[in-house]
């Protein structure tokens with residue numbers, strides 16, 4: 001049994017990840033609500049405080065990253081930066097800071113999203129930062145100390161979120177959260193590293 | 001003959017690009033030195049001023065993007081952000097702002113770099129932002145108005161820069177600037193869009 005910090009535990013993606021973490025001790029974290037620890041991944045002090053408070057842990061599973069959606073012609077610098085500082089730098093900082101706290105042979109599992117390989121309108125900032133995170137994971141895996149691994153789950157839309165996003169995504173087939181949970185499980189319990197785990201139908 | 005704004009004209013990559021732009025009217029730009037216009041791509045006002053001063057243009061060719069190099073374990077938040085705001089957001093802003101100024105049927109050509117697909121030590125920020133730019137170009141091409149095209153040249157190290165970078169890049173084969181110039185030429189003079197033009201040996 002591993003101690004796993006699950007960030008975004010109350011969201012739909014967090015619940016999906018949780019289905020793959022049943023055999024572990026899961027410490028929940030998120031921006032608000034009924035979680036073990038409050039954390040804002042856009043704030044490095046908040047990330048440090050989370051790791052300090054948890055103490056020993058073997059894995060970090062992140063399921064959050066806020067994105068702004070707009071046509072490229074209308075997307076402002078501020079909308080770009082909000083997305084970059086959350087979905088991209090927020091996740092990079094989880095790893096950058098976390099590498100000093102995580103146990104030997106630990107693992108980080110980040111989240112991206114299918115829109116970097118299946119583009120749709122309004123999603124350019126999501127797609128660009130997902131591309132950044134997929135690339136980051138593939139390259140940084142070679143630098144992780146103490147046998148620490150890192151992967152990223154790149155899912156399509158969840159069945160559980162289809163009512164919200166379905167209209168934006170014609171021709172996409174949603175996948176159930178439990179299938180996405182399997183990808184998180186493969187990352188946390190496997191020996192793979194530097195992998196982009198696509199979950200698509 | 002097209003009017004092409006070449007950013008970073010005095011650098012090694014700018015000189016490489018220039019070899020592919022011989023048939024065009026090239027307006028040179030850069031941070032300093034003997035160029036037609038001074039521009040800092042990390043400053044949106046500077047980008048706007050460049051486009052305003054040039055007036056009519058058919059193509060933007062960017063060959064700059066500053067990156068910090070360090071092991072991931074040592075790379076600071078500030079080093080990450082310097083790289084993100086230049087190589088990634090600087091280039092995105094060149095397109096975001098430039099789409100309002102560029103002529104119908106115009107083209108943008110950005111620069112990334114081979115280290116996102118051939119990772120080496122010290123280059124995680126370069127690789128991550130190159131991955132972001134490659135993804136950005138592939139996805140944003142569908143959103144460009146008025147038949148405007150966008151591509152990115154993703155070169156390996158230049159023969160002309162091998163004396164500087166060769167020691168960092170064991171097992172890499174440099175390519176001559178004139179071959180990289182061909183990729184810029186294919187982007188500016190072709191009909192392709194949304195392409196990552198790898199130039200590797």
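Here, each number is a calculation from the coordinates, and none is a lab measurement. Source: prediction; values computed, not measured. Ideal geometry is used to build each Cβ from the backbone, glycine not excepted, and the neighbour counts take in all protein chains shown.
As an exercise, use a Förster radius of 51 Å and the Cβ-Cβ distance of residue A:48 and residue B:201 to find the FRET efficiency, rounded to the nearest 0.05.
Details: r = 44 Å, r/R0 = 0.86.
Step by step, r from the Cβ atoms, then E = 0.70.
Between the range B:132-195 and the range A:116-143, what's the alpha-carbon centroid distance in Å?
18 Å
Multiplying the sequence separation of residue A:3 and residue A:70 by 0.36 nm and subtracting their Cα-Cα distance, what value in nm do you get? Before the final figure, lay out each step's value.
On the way: separation 67, 0.36 × 67 = 24.12 nm, distance 3.83 nm.
Extra length available between residue A:3 and residue A:70 comes to 20.3 nm.
Once you've got the GNM for chain B with C-alpha springs shorter than 10 Å, pick whichever of B:188, B:153, B:26 has the biggest mean-square fluctuation.
Its mean-square fluctuation being the largest, the pick is B:26.
For residue A:33, which inter-copy label distances result when the label point lies 7 Å beyond Cα on the Cα-to-Cβ vector, reported in nm to one decimal and in ascending order?
Copy-to-copy label distances at residue A:33, shortest first: 5.3 nm.
Report, as an integer, the average count of C-beta atoms from other chains found within 10 Å of each Cβ along B:133-146. Please list the in-between numbers first.
Values: counts 4, 5, 14, 9, 2, 6, 15, 6, 1, 5, 8, 2, 3, 0.
Neighbouring Cβ atoms belonging to other protein chains average 6 per residue here.
Residue B:78 label points, 7 Å along Cα→Cβ, one per copy: pairwise distances from this copy to the rest in nm, shortest first?
Ordered by increasing distance: 2.7 nm.
Using only DSSP helix segments of four residues or longer, with each worth -39500 (n - 2.57), what per-residue ellipticity at 222 nm results for chain B after dividing by its residue count and rounding to 500? All intermediate terms of the calculation are to be shown ahead of the outcome.
Numbers: 7 runs with 69 residues, N = 201.
Helix-only estimate at 222 nm: -10000 deg cm²/dmol.
With angles folded into 0 to 90 degrees, how steeply does helix B:44-54 sit against the dominant principal axis of chain B? Use alpha carbons for both and round to 10.
40 degrees
Please report which chain B residue places its beta carbon nearest the axis carrying chain B onto chain A, with the distance rounded to a whole angstrom.
B:132, 2
Roughly what angle does helix B:89-98 make with the longest principal axis of chain B, taking Cα atoms, 0 to 90 degrees, to the nearest 10?
The angle comes out near 10 degrees.
For chain A, find the longest principal axis of its Cα atoms and tell me its angle to the long axis of helix A:124-140, 0 to 90°, nearest 10.
Between the helix axis and the principal axis of chain A, the angle is about 30 degrees.
If I model a spin label at residue A:56 and residue B:100 as a point 7 Å from the Cα along the Cα→Cβ vector, what separation in nanometres do I get?
For residue A:56 paired with residue B:100, the spin-label model returns 5.7 nm.
Shape call for the range B:62-201 from the C-alpha gyration tensor, a ≥ b ≥ c root eigenvalues: rounded (a/c under 1.5), prolate (a/b greater than b/c) or oblate? Numbers along the way, then the final one.
Working: a/c = 2.44, a/b = 1.39, b/c = 1.76.
Verdict is oblate for the range B:62-201.
In nm to one decimal, list the spacings between the residue A:52 label point and its equivalents in the other copies, with label points set 7 Å along Cα to Cβ, shortest first.
Between copies, matching label points for residue A:52 lie 4.6 nm apart.
Measure out, as a whole number of angstrom, how far apart the alpha-carbon centroids of the range A:54-112 and the range A:21-40 sit.
Distance between centres, Cα-based: 16 Å.
With an 8 Å Cα cut-off and a minimum separation of 6 or more residues, compute the relative contact order for the range B:3-199 in percent. Walk me through the numbers on the way to the answer.
Working: 409 pairs, mean separation 45.3, N = 197.
Value for the range B:3-199: 23 percent.
Going by the alpha-carbon gyration tensor, a ≥ b ≥ c the square roots of its eigenvalues, is the protein assembly as shown rounded (a/c under 1.5) or, if a/c is not under 1.5, prolate (a/b greater than b/c) versus oblate?
Prolate, because a/c is 1.5 or more and a/b exceeds b/c.
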